[in-house]
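The values are calculated or read from the model by the stated rules, or taken from the named source; none is laboratory data. All values derive from a computational prediction rather than experimental measurement. Reconstructed Cβ throughout: ideal geometry from the backbone, glycine too, with neighbour counts over all protein chains shown. All accessible areas refer to the heavy atoms of the entire protein, side chains included, with ligands and DNA or RNA removed. Shrake-Rupley method; radii C 1.70, N 1.55, O 1.52, S 1.80 Å.
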Amino acid sequence: GDVYKRQYQRRVRGIYKPGASQKDIDAVEHWLGLFTPVLKGCLTELGQEAASLGMQVWGGHGFIKDNGMEQIYRDVRISTLYEGTTGIQALDLLGRKVMLNKGALLNKYNNAVIADCWRIGKENAELRSMAMKLAAYSTQWRLLTVRLLAQAARDREVVSSAAVDFLMFSGYVSLAHSWLRQMEVASAKLTAGDGRASREFYEAKMHTGKFYFSNMLPRADAHHKMALSGSKTVMSMPESSF
């Protein structure tokens with residue numbers, strides 16, 4: 001899912017080429033603005049988790065230099081820090097890319113996600129339940145944004161206290177969109193039998209996408225709840241208690 005998302009971002013960024021009109025550039029600015037903090041923040045956090053699980057698979061041998069796993073973990077750990085830490089990326093997403101324009105950028109993406117969900121759900125019975133689940137999460141994403149906008153109008157600290165959970169919620173939902181679109185292609189190739197890759201490749205896409213929807217996407221529920229918890233517990237502790 002993250003590879004697909006980064007490839008899509010590169011295609012969008014490709015509009016910045018010699019001769020591109022300002023109209024063409026403006027047409028993709030909202031995608032780049034929205035995707036950049038989500039890609040940088042969420043995917044580096046998940047990459048760190050994946051590397052940690054890789055060490056766990058090796059057991060104690062994952063902690064030594066012989067197999068290189070500890071090097072991978074150290075390398076991926078820095079990815080959450082450089083070019084803006086996860087907290088900075090989260091503030092950029094919620095404080096600038098969402099709140100400064102009253103959710104306009106996010107609404108454009110949400111509309112595209114929901115349109116894909118209805119189309120795929122109508123055309124593909126195997127993917128219908130996942131498409132409808134994603135449509136529900138996308139609607140929840142929009143409502144979460146509205147509620148945070150209302151909270152932030154009364155308490156400015158809401159932005160900083162909710163930012164990371166909002167980013168992670170955004171990441172899990174947008175990755176689900178990526179997986180749904182990949183599964184749509186894989187399903188079509190399996191049915192037609194005309195894919196350039198092997199049948200096993202497309203079957204693996206289907207299995208991995210189903211795993212994501214069942215085992216990863218539900219994590220968004222916890223981030224949704226925490227994002228709405230307010231700033232009181234974060235900000236009420238006096239400095240003397242640290």
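All of (1) at pLDDT 95 or above; (2) assigned to a loop (DSSP other than H, G, I, E, B) hold for Ala90 with one exception: (2).
Quick check on my filter: what residues within region 179-209 are out of contact with any Asp or Glu (no Cβ under 8 Å at 6 or more places or on another chain), open to solvent by less than 50 Å² (accessible area, probe 1.4 Å) and among the polar types (S, T, N, Q)? Within region 179-209, just Gln182 meets the criteria. Output the residues belonging to region 85-125 that are closer than 18 Å to Val173 by Cα, over 17 Å from the mean Cα position of the chain (by Cα) and among the hydrophobic types (A, V, I, L, M, F, W, C). Answer for region 85-125, where residues must be closer than 18 Å to Val173 by Cα, over 17 Å from the mean Cα position of the chain (by Cα) and among the hydrophobic types (A, V, I, L, M, F, W, C): Ala104, Ala115, Trp118, Ile120.
Could you check, for region 68-80, whether at least one of its residues is under 22 Å from Ala227 (Cβ atoms), touching a residue at least 40 places away in the same chain (Cβ under 8 Å) and either under 15 Å from the mean Cα position of the chain (by Cα) or surrounded by fewer than 14 Cβ atoms within 10 Å (Cβ to Cβ) (or both)? Taking every residue of region 68-80 in turn, none turns out to be under 22 Å from Ala227 (Cβ atoms), touching a residue at least 40 places away in the same chain (Cβ under 8 Å) and either under 15 Å from the mean Cα position of the chain (by Cα) or surrounded by fewer than 14 Cβ atoms within 10 Å (Cβ to Cβ) (or both).
Per the listing Ala20, Ala27, Ala51, the residue uniquely more than 26 Å from Ser170 (Cα to Cα) and either out of contact with any strand residue (DSSP E or B) (no Cβ under 6 Å at 6 or more places or on another chain) or modelled with pLDDT of 90 or more (or both) is Ala20.
Pick from region 59-78 the residues that are charged (D, E, K, R) and modelled with pLDDT of 85 or more: which of them is nearest to Lys40 (Cα to Cα)?
Step one: of region 59-78, the residues charged (D, E, K, R) are 65-66, 70, 74-75, 77.
Next, only the ones that are modelled with pLDDT of 85 or more stay: 70, 74-75, 77.
On the way: Glu70: 22, Arg74: 17, Asp75: 15, Arg77: 13 Å.
Only one residue fits best here, namely Arg77.
Remark: Ala153 falls outside the filter, which requires a residue to be in a helix (DSSP H, G or I), open to solvent by less than 60 Å² (accessible area, probe 1.4 Å) and farther than 22 Å from Glu45 by Cα. Each residue in region 137-150 was checked for being among the hydrophobic types (A, V, I, L, M, F, W, C), out of contact with any Lys or Arg (no Cβ under 9 Å at 6 or more places or on another chain) and open to solvent by less than 60 Å² (accessible area, probe 1.4 Å), and 4 pass.
Does Ala135 qualify as being over 15 Å from Gly209 (Cβ atoms) and not in a helix (DSSP H, G or I)? No: the conditions fail for Ala135.
Whether any residue in region 97-112 is within 30 Å of Ala186 (Cα to Cα), of a type in the set (D, E, K, R) and at pLDDT below 95 is what I want to check.
So the first thing to find is which residues in region 97-112 are within 30 Å of Ala186 (Cα to Cα), and the list is 105-112.
Next, from what is left, pick out any that are of a type in the set (D, E, K, R): 108.
Then keep just the ones that are at pLDDT below 95; that gives 108.
Yes: one or more hits.
Checking each residue in region 133-160 for being under 18 Å from the mean Cα position of the chain (by Cα) and touching a residue at least 12 places away in the same chain (Cβ under 8 Å) picks out Lys133, Leu134, Ala135, Tyr137, Ser138, Thr139, Gln140, Trp141, Arg142, Leu144, Thr145.
Contact map, region 165-182: first residue within 15 Å of His207 (Cα to Cα), second residue open to solvent by less than 10 Å² (accessible area, probe 1.4 Å) and outside any helix (DSSP H, G or I), Cβ cut-off under 6 Å, separation 6 or more or different chains; pairs are Ala176/Leu217. Of the residues making up region 219-242, those that are more than 26 Å from the chain's Cα centre (by Cα) and either within 21 Å of Lys133 (Cα to Cα) or touching a residue at least 24 places away in the same chain (Cβ under 8 Å) (or both) number 1. Selection of region 120-134 for residues being in contact with a helix residue (DSSP H, G or I) (Cβ under 6 Å, 6 or more places away or on another chain), closer than 25 Å to Leu46 by Cα and either open to solvent by 10 Å² or more (accessible area, probe 1.4 Å) or hydroxyl-bearing (Ser, Thr, Tyr) (or both) yields Met130, Met132. Of the residues making up region 156-173, those that are open to solvent by 10 Å² or more (accessible area, probe 1.4 Å) and not acidic (Asp, Glu) number 6.
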